[in-house]
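Data first, discussion second: the structure below is written as structure tokens.
The values are calculated or read from the model by the stated rules, or taken from the named source; none is laboratory data. Everything quoted here is computed from the prediction, not taken from an experiment. Cβ: placed from backbone, ideal geometry, glycine included. Neighbour counts: every protein chain shown.
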Amino acid sequence: MAEFPSLEWFEAVRQVVNRDGRLHRFGTCDAVMGVKVRDKAFEITFDAFECTGARNIAVADLASTDFYLEAPYETWRDMIENIKKNGAPDRQHTLNSIDFVDPDGFARSDDQTKKDKFYRYGQTFQQFFNASAEIETKFVVPQPA
Amino acid sequence: MADTTAEERATASISDELRRKAESRDWPLPVVAAALQAGVDEALIHEALDAGLTPAEARQVILKRLSGVEKLSMKWARVDTERGIRARPGKKGLTIDDINVGSYADVPDVWPDQTMRPRGSYVKPGTVSMGYTIYAKAEVWADNVGSLYEEAIQRRWAPATDIPWETIAPLSEDRERAMGQLCTALCEYNYMVILALGKWIREVSFGYHEVKLYLSTVLFDAARHFEAFRKRALCNGGRLGVQGVGWQLAPIRDALCYSEMAALVFVLNDSFVQSLYQLGGALGHNEAEARLFTLAAQDKARHLSYGVEHMRYLLEHQPERREEVRRYLQKGEEYLAKDFADDPSSREALAILLGGGLEHIGEGFQKLKTFRARQIQSYLDRVEAAGLDHRGTIWPALAAHQSV
Amino acid sequence: MAIDPAVIETLRKQPDMPELDLSWLTTEGPPAVNAKPGRHGLTLDDINIGVYGDAPEVARHGTTRVRGSIARPGVIRTGYYVPEKSDIWADNATLIYEEALQRQWSSATDIPWESIEPLPDEVEEAICQICTFLTEVEFIAGDAPGQWLKQISPDHFEVALYLVTQVMDEARHLDVFRKRALANGCGLLEATGATRGLRNILDAKDFTEMSALMHVLAEGFVQTMFRTGEFIAQNEAEKMIFRLCAQDESRHVGFGVMHLRYVLQHAPERREEIHHYLDRAEQLFGHPSDANSGLQEALLITMGGGKDNIDKGAEMALALTKKQANEYMHRLEVAGLADRRYRMNPGFMMLLDPPKKR
């Protein structure tokens, strides 16, 4: 069971998504996606038809990613739990929907053209998080009773 | 009957003697006529007939005489072009960037050739012009154009089979009509893109073939979007809506240079359409709508990526055109704002979709204000990324939508 | 459930409600429809129901109004379209459009590039000469439809959508032959200036003229050549290239033949005019005396299997040329122009097999 957020969790998801070449059918993707959850930051790299890397980075280094996803912990937990429950998110819990309803956006970047990769490869990133349904997640902040 | 007459006409030049002999040997008269017209001596045909050749054998003899290559000249293999190129596929297969090696990668600032000569090949003197009008790299180029071309092919989809149409379920009439209205507007916009790019793709000279290839994918995307949104409008007990006022399309129609069209389509209007796609994806009533809008948004983001990179390239290489580009944008903004003002059907449909139904249209209008402000913010961010600070010069009527 | 006018009135009276029009919400237009996907998914033919499928004989408006939507008065014109349906239509446009979407391929990843191995110099050069020719000429079939797109009314959108798939196909063809030329130690060679006949396609001032010249004549010849690619190809990569390109070209030819048939059925008075276009085009296109020597020699070498085998190559090249002419004639027969047999350019006519007895 991997804790969210942790490098172990992202690495486990990465292994799942690369296992059967499922990203291949969505086409090539060249992007460096940042993830910011509480005080932790991660960098996930996509190259051609694969997710090629996941690593811890300093929060300040998120600026060098193409874009990074940032939301309150509850949003992350809801999304991952929803994906786990259905194998894929319902329409309220897609990356796009979360981005649309958040006034600051889920995907953030100082450079709009880099941020546009969030839309350009939307299905690939969604597939990445959908793969989390196939691992067990332990949340550092549990669901309030 | 018409055929007989035509045959008689075609074979009228055959002498009676030759005609009789050919008919007696079962030779088709049109073959005899064709041989005569091609300059074969009548005596040779008599000879072939007398020798008892079948028509097919005779034709073989005649053809060999007329068209056979007796000896190879190999002149074409001795032309002065770069040799030894052995491009190898990488992780993405063999891409258009992978073959841009050596002199084949040299994309000149001005392409000197009016023919269809592929870049890097030799062309025979005297070859005719094909009438292109764009010979300046800065007018069309973007450094990411090759990779966007390949990406568009890799990320292709088909509305007929990649959208789970079976997930569509009946909606209330107000929401179905609102969706039909949005789809109608998107069909009109995408059709305009087809008209505009059809015109411009043909103007780009062959030195910049990567741009021609990339624009082909944009045309393909626009056709797919037109098709997909028409399908959505007609598959759920609904209909297409009322025609839009169409002001935003006028400057695209009127563009007199490629960079003007590119600024209007790939930066300004696509930016606003991209937001609509995101909206459709987020508010989708079912999996089909969510998938459809998300896939369309992926395509649109590629178009924006080209638009911004092209504008950046243009402004870096022809900085004197900065104010000119700003004027193109302002013209487009003026007409877009006019569309917002004059088209109640579009804004009311969006308010219904954002509010979640006609009864919540008031709430929907509030959300529409936020949505518009975000549309403009994203647009200005893209213009800034292209190297043009436009925040203080955006057309006032459009800027008015920035305040929530 | 229909919109209740009372709800709209109540909404209008709400405080802070912007001025509401909402006329679009209650306007009676064409009827609502409920298209359902079939075995090929949800196709254009599936949604061509009632008025939505009714492409008018004459497109009367010059705006981007999509067929079946409700007209708004006062909208600016966005184009000057070819109004007559018979001037641009083909009944198979929707079918070919959907097929094109389903049968797209990628030159980067669908060609087994790794199967290419070093070839004798003269064979590699010959392949590269053929690729140079095809890199040069293929996109004429992208440029020419492109310049016509702006003339197609949205009332006849099916034709525009089909033409767009053709532009996309030709982009891929330009790209794949360029890739092959640069993949195995040679490079691009002599652009042959095969542009007299091709320029004729761009010069066409009438859609049917363009289509007959490009789809039926030029692409028909290229399609036949691609189908005999097995004899030109030296490895699996090249075989795959020719096979995939041939599939694409078949769609283009199919559109052209069906368009010509539609014209001859709906505007039979144009028969002689079309003959004139073909008279001129055949004279410029592919007549042995106007042949492109670089391409011809390259075909002899590849089809013969080397420089020392050009007799065999010539035999096969001749067979190819005969096949091209006969298939061209057959397509014209299908389109309803069987009388072309007796006025075809002699260079082609002498290649024809006798007409089949019916």
Count of the stretch C:126-164 residues which are touching a residue at least 60 places away in the same chain (Cβ under 8 Å), touching a strand residue (DSSP E or B) at 6+ places or on another chain (Cβ under 7 Å) and at the interface with chain B (Cβ under 7 Å from one of its Cβ atoms) = 2
What number of residues in the stretch B:281-292 are in contact with a Phe, Trp or Tyr (Cβ under 7 Å, 6 or more places away or on another chain) and at the interface with another protein chain (Cβ under 8 Å from one of its Cβ atoms)?
-> 3
Picking from B:156, B:177, B:119, which residue would you name as being part of a loop (DSSP other than H, G, I, E, B) and more than 16 Å from the chain's Cα centre (by Cα)?
-> B:119
Among helices (runs of 4 or more DSSP H) entirely within the stretch C:1-107, at least 2 residues that are over 23 Å from residue B:189 (Cα atoms), more than 7 Å from chain B (Cβ to nearest Cβ) and touching a Lys or Arg at 6+ places or on another chain (Cβ under 7 Å) occur in C:93-102
Note down all Cβ pairs under 8 Å where the first residue falls in the stretch B:107-122 and is farther than 25 Å from residue B:314 by Cα and in the same structural domain as residue B:313 (by TED's automatic domain parsing), the second is of a type in the set (Lys, Arg) and in a loop (DSSP other than H, G, I, E, B), and they're at least six residues apart or on different chains.
-> none
Of all residues in the stretch C:80-119 being among the acidic types (Asp, Glu) and under 30 Å from residue C:64 (Cβ atoms), which is surrounded by the most Cβ atoms within 10 Å (Cβ to Cβ)?
-> C:98
Looking at residue C:175, is it crowded, with 24+ Cβ neighbours inside 10 Å and acidic (Asp, Glu)?
-> yes
Among what's in the stretch B:105-159 and is away from chain A (no Cβ under 14 Å) and of a type in the set (Asp, Glu), pick the residue that is surrounded by the most Cβ atoms within 10 Å (Cβ to Cβ).
-> B:139
Among the residues of the stretch A:62-80, is any polar (S, T, N, Q) and under 30 Å from residue B:387 (Cα atoms)?
-> yes
Pair list, Cβ under 6 Å, 6 or more apart: the stretch B:128-145 residue modelled with pLDDT under 95, other residue hydrophobic (A, V, I, L, M, F, W, C) = B:130/B:116
What residue, among those in the stretch C:303-339 that are under 30 Å from residue B:74 (Cβ atoms) and either touching a strand residue (DSSP E or B) at 6+ places or on another chain (Cβ under 8 Å) or assigned to a loop (DSSP other than H, G, I, E, B) (or both), is farthest from the other protein chains (Cβ to nearest Cβ)?
-> C:305
Only one of A:41, A:63, A:54 is out of contact with any Lys or Arg (no Cβ under 7 Å at 6 or more places or on another chain) and assigned to a strand (DSSP E or B), namely A:41
In the stretch B:164-174, anything assigned to a helix (DSSP H, G or I) and at the interface with another protein chain (Cβ under 8 Å from one of its Cβ atoms) is listed as B:165, B:166, B:173, B:174
Could you tell me whether residue B:73 is at pLDDT below 95, over 30 Å from the mean Cα position of the chain (by Cα) and either among the acidic types (Asp, Glu) or buried (at least 17 other Cβ atoms within 10 Å of the Cβ) (or both)?
-> no
Of the residues in the stretch A:19-44, how many are under 22 Å from residue A:134 (Cβ atoms) and surrounded by fewer than 17 Cβ atoms within 10 Å (Cβ to Cβ)?
-> 6
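For residues in the stretch B:74-83 being touching a residue at least 12 places away in the same chain (Cβ under 8 Å) and at the interface with chain C (Cβ under 7 Å from one of its Cβ atoms), which is farthest from residue B:102 (Cα to Cα)? Spell out how you get there, then give the answer.
In the first step, residues of the stretch B:74-83 are kept if they are touching a residue at least 12 places away in the same chain (Cβ under 8 Å); the result is B:79-82.
The next check asks that each one be at the interface with chain C (Cβ under 7 Å from one of its Cβ atoms); those that pass are B:79, B:81-82.
Values: B:79: 17, B:81: 11, B:82: 8 Å.
The selected residue is B:79.
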Quick one: how many residues across the stretch C:147-194 are under 25 Å from residue C:79 (Cα atoms) and assigned to a helix (DSSP H, G or I)?
-> 18
Only one of these conditions is not met by residue C:342: (1) more than 12 Å from every other protein chain (Cβ to nearest Cβ); (2) among the aromatic types (Phe, Trp, Tyr); (3) touching a Pro at 6+ places or on another chain (Cβ under 7 Å). Which number is it?
-> (1)
Residues of the stretch B:294-315 being within 20 Å of residue A:99 (Cβ to Cβ), more than 18 Å from the chain's Cα centre (by Cα) and more than 8 Å from chain A (Cβ to nearest Cβ), which ones?
-> none
